[in-house]
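The values are calculated or read from the model by the stated rules, or taken from the named source; none is laboratory data. None of the values given here were measured: they were computed from a predicted structure. Neighbour counts run over all protein chains shown; Cβ positions are idealised from the backbone, glycine included. Surface accessibility is based on the protein's heavy atoms, side chains included, excluding ligands, DNA and RNA. Shrake-Rupley method; radii C 1.70, N 1.55, O 1.52, S 1.80 Å.
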Amino acid sequence: MIQTVKLAKLVLSDINVRTRGEDLIEQFAADISARGILQNLVVTSVKKPRGSYGVIAGSRRFRALKLLAERGEINEAEYDVPVLILSGGNDELSEASLAENFHHLNMSPADECRAFQHCLNLGGDIDAVAKRFGITRRFVEGRLRLANLAEPIFDALASGEMTLDMAKAYASTESHERQLMVWKSYGANSYHASADTIRRVIANESMKSTDPVARLVGEEAYVAAGGIVDRDLFSDNGDRWTNPEIAQALAAAAMEAEAQRIGEERGLAWIRPVASNSTWEAARGLFHVHLPSLPLSEAQTIRISEIEARLSIVSLEMEDEDLEEEAWQALDVEHDALSDELRDAGRREKILPPELAPRVGLFLTLSQDGRMELGDTYYSETPLSVTMVEPDEDDEDAAETGDDGIESEPAGETAPRTPTFRIEEGETGTVTGGNKEVSPDEAAPGGKALSQVLLDQLSVQRRDVLGASMIANPALALDYMLFAMVDKSTGTDETCGTTIRASHPEDPVRYDAYPKSVAHDYLAEVREGLDASWTEHKSMVDRFDAFRALDDEVKAAWLAWIVARSFKAKETYSHRQNALQNHLAGLLEVDVAKWWRPTSENFFDRVPKGALLSLLDEVGGPALSSRHASQKKGEISTSCEKLFAGDAVIEADVKEKALAWVPAAMCFNTAETSTDRDEGDEAGETGEASAPDEAEDDLASLIDAGLAGPDDGDDGENVSIDDEHTSEGDDDQLIDDGSPAVYGDDDAVSEWAEAAE
């Protein structure tokens, strides 16, 4: 039997199975304030406080009432709450609480939509309905939008064939025509397309309100010109403008007017508006004009010399291994500051000769936030070369003396000379898109320069490829290590491209700031597989003796690994590749494509869309590039990752090219080298041969002789690294040490490394 109990006499019972009672309490309280309690609570009497009842079902209604009481909207001592009073043991009461909550069934989304639509049809307004139900206006608008879905789409939602997320995707536009167009292609089945896919297809022919063109035009001007705004009530990605051609026409007019104003003000040949922040496509066929720069002032020259001298001192001090960490950090900060100052000090102001202005132009671009920005790179329609003409010494002398050779009296300070320029036409300019000033090693497909950060990351990954390839050839690693130490001791200024002291090189990017590769993971795998038992000793002497006791194969593996991790990623202040590293790559027959593949993370997302299309044209011709030309950059990047990983279904010859392609910045420039040999020094005179293969096979003897020295009781006179393999008639025999012939083969290298351990 339903009774009423004052709110002040109700408490929340521990028997109540619903523990999360705060969900949507504000919304529930607003509804109770508007309509009162529509359903009774289920309670049971409690001993304390005397005369009170514990709520075992209806905890959210109870909390909503308490919230209204706290706000002063109701009086706890006077407010009557309808309740059903149950009695029994805790088990029975707990089961009753579970049954009341478990069998509660929420309305379907379709029923919610029709209900809100019915409330408004009775004469209410959206704000009033939202207030009565304690929900936002946008929520009500969203349910009304769903109620107005095209009939077959709403029927699918009502019957449960379609999820609420899919329905929201179709409702991202009010147009039934566009809804039904997509419905015919995808239907309600999420196996064919996700909600995101539906939303993207619907939005394909519209423009986001956050698009740079939309931000430049403004919604008010767009609507005034007849444009329609499609409100997206189910995401925060911005509304859609269904008439992008109107926005584009308004933006073009605004940019044309601004371009004309700037052109007249500056006296340039042209100002071309581009509704994008990239001018790569627009500048195709034009020529980059290199303007002359003012010479460095005497003060700048002096300061640059001071900075360079101090940088040399700081670099030497930082190489001190005994330097305290705090002192090293201070020097590192000073080094970075000086490097930045040196870069700024060397910048020189560009000069645009007045006579050149009518022959060149600039691009007016659009930033991401919709602001028009004037570029600072000048272009011409024909190749132009501009040279500053230095004053002739004879002219300077003539200015200081009269016609009769008598020196003139100075009439005050000499007026500065106006610079003159020589402008020539010819094939001396740079065609945009073929960017001749960009080194091929630093260029993306299509000719545009790669970013500094990407070049640094690729240089580190190229270094990892060389290190991974070196693992399989410890004999070459030993030769390299010894040469680098000896060659540096002669005082040469050339670098061997290694730290060689076995300390880890200072990479241009942090360890966690560049994508990892097969080569990187393989180096880590080799390190984990090394025998490190000798490192468990605390004493340095004990560790050394334990290391000496290792098998020769184990020490050879340690040698190869320590050399592999010593490679520098690049020269300090440039991206020039190290010649000796390139020669090593040639000797190792490094196949970069087997150790490293381009992905969206490590390359494709980092270069412009035009570069990706140029790359697709390079490997598959116009048919492949045109197939992706209308796609967005992210979609092209994803397709490229599949194609260059060999996962795309495509012609065999295109697949072969894609699997072999790596950017120039990842390639080793292995030049052919020729070595003059004196035939009198070869085996014909000495009767012996020093083949590289024999040196590799005798690595164990070399390590033993170099590190351990003669054993106790042996005077060392009979030590020879060739004794074991020298035999008559076998001077030129090649020895197979079991190492893999193809160093880029991960499986072969791993198997050989395991055998060596």
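On the stretch given as region 580-606, residues that are touching an Asp or Glu at 6+ places or on another chain (Cβ under 8 Å) and either open to solvent by 60 Å² or more (accessible area, probe 1.4 Å) or among the hydroxyl-bearing types (S, T, Y) (or both) total 3. Of the residues making up region 636-683, just one is surrounded by fewer than 17 Cβ atoms within 10 Å (Cβ to Cβ), at pLDDT 90 or above and β-branched (V, I, T), namely T638.
For region 159-187, a residue qualifies if it is among the small types (G, A, S) and surrounded by 20 or more Cβ atoms within 10 Å (Cβ to Cβ), and the qualifying residues are A167, A169, A171, S172.
Listed conditions (1) at pLDDT 80 or above; (2) of a type outside the set (F, W, Y); (3) under 30 Å from E151 (Cβ atoms); (4) part of a loop (DSSP other than H, G, I, E, B) are all met by L268, apart from (3). Checking the stated criteria, A64 turns out not to satisfy the condition of being touching a residue at least 60 places away in the same chain (Cβ under 8 Å), open to solvent by less than 10 Å² (accessible area, probe 1.4 Å) and within 14 Å of F133 (Cβ to Cβ). Applying the criterion of being modelled with pLDDT under 85 and open to solvent by less than 30 Å² (accessible area, probe 1.4 Å) to the residues of region 67-100, the residue that is farthest from F28 (Cα to Cα) is L93. Is it the case that region 232-246 has a residue that's open to solvent by 30 Å² or more (accessible area, probe 1.4 Å), touching a Leu at 6+ places or on another chain (Cβ under 8 Å) and either among the acidic types (D, E) or touching a residue at least 40 places away in the same chain (Cβ under 8 Å) (or both)? Looking through region 232-246, none of the residues is open to solvent by 30 Å² or more (accessible area, probe 1.4 Å), touching a Leu at 6+ places or on another chain (Cβ under 8 Å) and either among the acidic types (D, E) or touching a residue at least 40 places away in the same chain (Cβ under 8 Å) (or both).
Whether any residue in region 565-572 is open to solvent by 40 Å² or more (accessible area, probe 1.4 Å), over 17 Å from L476 (Cα atoms), of a type outside the set (D, E) and without any contact (Cβ under 8 Å) to a residue 12 or more places away in the chain is what I want to check. Yes, some residue in region 565-572 is open to solvent by 40 Å² or more (accessible area, probe 1.4 Å), over 17 Å from L476 (Cα atoms), of a type outside the set (D, E) and without any contact (Cβ under 8 Å) to a residue 12 or more places away in the chain.
Taking region 248-280 only, how many residues are touching a Gly at 6+ places or on another chain (Cβ under 6 Å) and open to solvent by 70 Å² or more (accessible area, probe 1.4 Å)? Steps first, answer last, please.
The first filter runs over region 248-280 and keeps only residues touching a Gly at 6+ places or on another chain (Cβ under 6 Å), leaving 268-271, 280.
Of the ones still in play, those that are also open to solvent by 70 Å² or more (accessible area, probe 1.4 Å) are none.
The number of residues fulfilling the criteria is 0.
When region 586-619 is filtered for residues that are among the aliphatic types (A, V, I, L, M) and in contact (Cβ under 8 Å) with a residue 40 or more places away in the chain, the ones remaining, listed by number, are L587, L588, V590, V592, A593, V607, A611, L612, L613, L615, V619. Before we move on, is A130 open to solvent by less than 30 Å² (accessible area, probe 1.4 Å), farther than 22 Å from A195 by Cα and without any contact (Cβ under 8 Å) to a residue 12 or more places away in the chain? Judged against the criteria, A130 is a match.
Taken together, A546, A472 contain a single residue that is surrounded by 13 or more Cβ atoms within 10 Å (Cβ to Cβ), outside any helix (DSSP H, G or I), hydrophobic (A, V, I, L, M, F, W, C) and modelled with pLDDT of 75 or more, which is A472. Entry remark, region 346-393: residues being out of contact with any Ser or Thr (no Cβ under 9 Å at 6 or more places or on another chain), free of Cβ contacts under 8 Å to residues at least 60 places away in the same chain and within 28 Å of S276 (Cβ to Cβ) number 1 in total.
Pick out the one residue from G621, G610 that is of a type in the set (G, A, S) and under 18 Å from the mean Cα position of the chain (by Cα). Even if it seems obvious, please write down each step before you answer.
Details: G621 fails: under 18 Å from the mean Cα position of the chain (by Cα).
Exactly one of G621, G610 is of a type in the set (G, A, S) and under 18 Å from the mean Cα position of the chain (by Cα), namely G610.
Screening V314 with (1) surrounded by 11 or more Cβ atoms within 10 Å (Cβ to Cβ); (2) under 30 Å from R359 (Cα atoms); (3) touching a residue at least 12 places away in the same chain (Cβ under 8 Å) gives one miss only, at (2).
Yes or no: R137 surrounded by 15 or more Cβ atoms within 10 Å (Cβ to Cβ) and among the basic types (K, R)?
Working: surrounded by 15 or more Cβ atoms within 10 Å (Cβ to Cβ): no; among the basic types (K, R): yes.
No: the conditions fail for R137.
Quick one: would you say G610 is crowded, with 18+ Cβ neighbours inside 10 Å and touching a Phe, Trp or Tyr at 6+ places or on another chain (Cβ under 9 Å)?
On the way: crowded, with 18+ Cβ neighbours inside 10 Å: yes; touching a Phe, Trp or Tyr at 6+ places or on another chain (Cβ under 9 Å): yes.
For G610, the condition - crowded, with 18+ Cβ neighbours inside 10 Å and touching a Phe, Trp or Tyr at 6+ places or on another chain (Cβ under 9 Å) - is met.
Rundown of residues vs (1) modelled with pLDDT of 80 or more; (2) within 27 Å of A130 (Cβ to Cβ), yes/no style:
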residue	(1), (2)
A8	yes, no
V17	no, no
G21	no, yes
I25	no, yes
F28	no, yes
Q39	yes, yes
V43	yes, no
K48	no, no
A57	yes, no
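Take the conditions (1) at pLDDT 60 or above; (2) among the polar types (S, T, N, Q); (3) surrounded by fewer than 11 Cβ atoms within 10 Å (Cβ to Cβ); T387 misses just one of them, which is (3).
In region 129-167, which residues are outside any helix (DSSP H, G or I) and farther than 16 Å from Q117 by Cα?
G134, S159, G160, E161, M162, T163
Per the listing A147, A156, the residue uniquely surrounded by 19 or more Cβ atoms within 10 Å (Cβ to Cβ), out of contact with any helix residue (DSSP H, G or I) (no Cβ under 7 Å at 6 or more places or on another chain) and free of Cβ contacts under 8 Å to residues at least 40 places away in the same chain is A156.
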